[in-house]
Amino acid sequence: KGSSFNVALRIHTEDFEQVLSALSGRAERLEDSPRLRRLMERYLAHSFYLIVKPAPVEILGIEFEPRECWVYFTVSGSGETKQMLTNSVLMDLFPGQINRTRRLWNQDLPTLVFSRTEPQRSITVPN
């Protein structure tokens, strides 16, 4: 109902390990552990959110593949129909990073494209 959304994020394993290592100050290898989930939640709360300021996220699950991983999480919204989505995942380490977001509640809508110069997009969410 616009107050929270489930997100499936596909991200290259090596890139995610690098950004998490920078955040923690030590070398990180992806694994499903409580400590690493907290670190992922901390990072995602400040790089993928639906309101003007960062909000907590909750990791729902993680799938590891040889070159990439899927992170499933919940992100909180404002409850309003029109909201701002920020997707700056990996942009702090890779200035040329381009992120794409599809809104699965209406697949006829165009894919949203995010860059370092435009990390936010206005979206309309279902009631």
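Numerical summary
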{"item": "Sole exception among (1) among the small types (Gly, Ala, Ser); (2) within 13 Å of the chain's Cα centre (by Cα); (3) closer than 17 Å to Phe94 by Cα for Ala45, by number", "result": "(3)"}
{"item": "Index of the failed condition, Pro110 passing every other in (1) farther than 21 Å from Val19 by Cβ; (2) at pLDDT 85 or above; (3) in a strand (DSSP E or B); (4) not acidic (Asp, Glu)", "result": "(3)"}
{"item": "Some residue of the stretch 68-82 being touching a Ser or Thr at 6+ places or on another chain (Cβ under 6 Å) and of a type in the set (Lys, Arg)", "result": "yes"}
{"item": "Output for the stretch 105-127, where each listed residue is of a type in the set (Phe, Trp, Tyr) and surrounded by fewer than 17 Cβ atoms within 10 Å (Cβ to Cβ)", "result": "Trp105"}
{"item": "Residue count for the stretch 97-127, restricted to those that are touching a Gly at 6+ places or on another chain (Cβ under 9 Å) and of a type in the set (D, E, K, R)", "result": "1"}
{"item": "First in the stretch 100-127 and of a type in the set (Gly, Ala, Ser), second anywhere and outside any loop (DSSP other than H, G, I, E, B) and open to solvent by 60 Å² or more (accessible area, probe 1.4 Å), Cβ under 8 Å, 6 or more apart", "result": "Ser122/Lys82; Ser122/Met84"}
{"item": "Residue check for Tyr72: under 12 Å from the mean Cα position of the chain (by Cα) and modelled with pLDDT under 90", "result": "no"}
{"item": "The stretch 3-17 residues that are among the charged types (D, E, K, R), paired with ones that are open to solvent by less than 20 Å² (accessible area, probe 1.4 Å) and in a strand (DSSP E or B) (beta carbon under 9 Å, 6 or more apart)", "result": "Arg10/Cys69; Arg10/Val71"}
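The values are calculated or read from the model by the stated rules, or taken from the named source; none is laboratory data. Source: prediction; values computed, not measured. Note: ideal-geometry Cβ built from the backbone for every residue, glycine included; neighbour counts use all protein chains shown. Just the protein is used for accessible areas: all its heavy atoms, side chains included, with ligands, DNA and RNA removed. Shrake-Rupley method; radii C 1.70, N 1.55, O 1.52, S 1.80 Å.
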